[in-house]
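The values are calculated or read from the model by the stated rules, or taken from the named source; none is laboratory data. From a predicted model like this one, the values you see are computed outputs, not experimental measurements. All Cβ positions, glycine included, derive from the backbone under ideal geometry; neighbour counts span all protein chains shown. Accessible surface areas use protein heavy atoms only, side chains included; no ligands, DNA or RNA. Shrake-Rupley method; radii C 1.70, N 1.55, O 1.52, S 1.80 Å.
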Amino acid sequence: MIGKSVTLADLPLRADLVGRSPYGAPQLDVPVQINTNENPFPPSPALVADLAASVGAAAVELNRYPDRDAVRLREQLAGYLSRATGVPLLTANLWAANGSNEILLQILQAFGGPGRRAMGFEPSYSMHPIIASGTQTDWVPFPRRADFTVDVDAAVAAIEEHAPDVLFVTSPNNPTGGSLTLDEVAALLQAAPGMVVVDEAYAEFSDQPSAVGLIDEFADRLLVVRTMSKAFAFAGGRLGYLAAAPAVVDALLLVRLPYHLSTLTQAAALAALRHGQETLASVAALVAERIRVQQALTEQGFSVVESDANFLLFGMFADASAAWQAYLDAGVLVRDMGIPGYLRTTIGTPADNDVFLAASAELAPVPD
Ligand code: PMP
């Protein structure tokens, strides 16, 4: 292989990146892949046909740059989110990018950066601190309680002490699964001196109302981030979005790369939205499966963290990484988040979940 004589240590890497690890959920080809919170149901044949035709039609104009502001897509996303939340949103309230990860990056490029700090309630989504470090934003972790809920009074005190420029609130939280109530989110917003990102990647699976309903009241600081990767079963399409006051969207325009959303991505996402109703029917099925898996794990002797997302954090394992390997040996890829004693499983198809539960029965904690 050419270039092999150079190692990472030979490169003039930014000092703050030395020794860091990249995001790395394993991508292994095993029969049951339930480690990245994807929707296990593939797109319908009707969606695939519509998407192929739309992308084909768009291909005729690929010599031209895409719509830089993705106006039609944002208009359709505004329609979806308005219907889902009951909050009247317009195109100017929406922004879209290649996955919500890119939205999060743009937020930190605009509102974080050197000399600024971001705060989050850990354990939470591992990309929040990774994107903070990539943008040279200081990261202030604030611990959740032992049961993984947020002590809101203590969090308010920590916000007042650290005055974060950006506060991350993940609801439902990944990898633990619980949500904050709207009152709790409002209390955090009230205390926050900077921007507050409510990451609602799993909102469709939850009964809690969306923080979108708080945008008007907290227009100068609230950003609600969503994705089509989970409920919309569009992880491979890479489409994330955000709802906020129009001025917040204007701020993100200052840092986005021109033409960041390709013509093909925009056409594909529009097709996925046209078929949204049929795709979102999987949400109820996945919630029912989550309840079934939670009950079965509990009966097997596991302790399962209350979740209103499409995954469950469960334990206690004497050695979580050995248990992760034992699942893998049984053809089941779950996730070891580095939380001592716990693993996370994504809710798969009923057949996936049966294989997972059969493997779990072999690993169940021995009652004392
Ligand atoms: N936020 C949270 C809480 C997530 O769990 C994920 C994906 N695991 C994302 C954002 C990013 O998703 P995507 O970039 O696919 O939209």
> Would you call Ala201 part of a loop (DSSP other than H, G, I, E, B), more than 10 Å from the ligand (Cβ to nearest atom) and small (Gly, Ala, Ser)?
Replying inline: no
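Listed here are the residues, each with its yes/no results for (1) open to solvent by 20 Å² or more (accessible area, probe 1.4 Å); (2) within 30 Å of Glu362 (Cα to Cα); (3) modelled with pLDDT of 95 or more; (4) in a loop (DSSP other than H, G, I, E, B).
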position: Leu242; (1), (2), (3), (4): no, no, yes, no
position: Leu257; (1), (2), (3), (4): yes, no, yes, yes
position: Ala284; (1), (2), (3), (4): yes, yes, yes, no
position: Leu297; (1), (2), (3), (4): no, yes, yes, no
> Got a sec? Which of Arg116, Arg72, Arg64, Arg83 is surrounded by fewer than 19 Cβ atoms within 10 Å (Cβ to Cβ), under 30 Å from Ala158 (Cβ atoms) and either free of Cβ contacts under 8 Å to residues at least 40 places away in the same chain or more than 16 Å from the ligand (Cβ to nearest atom) (or both)?
Replying inline: Arg116
>> Just to check your reading of the model, which residue among Gly24, Gly56 is assigned to a helix (DSSP H, G or I) and more than 22 Å from Leu280 (Cβ to Cβ)?
In response: Gly56
> Quick one: how many residues across segment 27-36 are within 16 Å of the ligand (Cβ to nearest atom) and either open to solvent by less than 60 Å² (accessible area, probe 1.4 Å) or part of a helix (DSSP H, G or I) (or both)?
Replying inline: 3
> Scanning segment 226-260 for residues that are of a type in the set (Gly, Ala, Ser) and within 15 Å of the ligand (Cβ to nearest atom), which turns out nearest to Asn93 (Cα to Cα)?
Replying inline: Ala243
>> So for segment 179-190 (the condition being out of contact with any His (no Cβ under 6 Å at 6 or more places or on another chain), of a type in the set (D, E, K, R) and either under 24 Å from Leu273 (Cα atoms) or within 16 Å of the ligand (Cβ to nearest atom) (or both)), does at least one residue qualify?
In response: no
>> Residue under question is Gly19, and the condition is that it be part of a loop (DSSP other than H, G, I, E, B), open to solvent by less than 90 Å² (accessible area, probe 1.4 Å), without any contact (Cβ under 8 Å) to a residue 12 or more places away in the chain and within 28 Å of Thr346 (Cα to Cα); does it hold?
In response: no
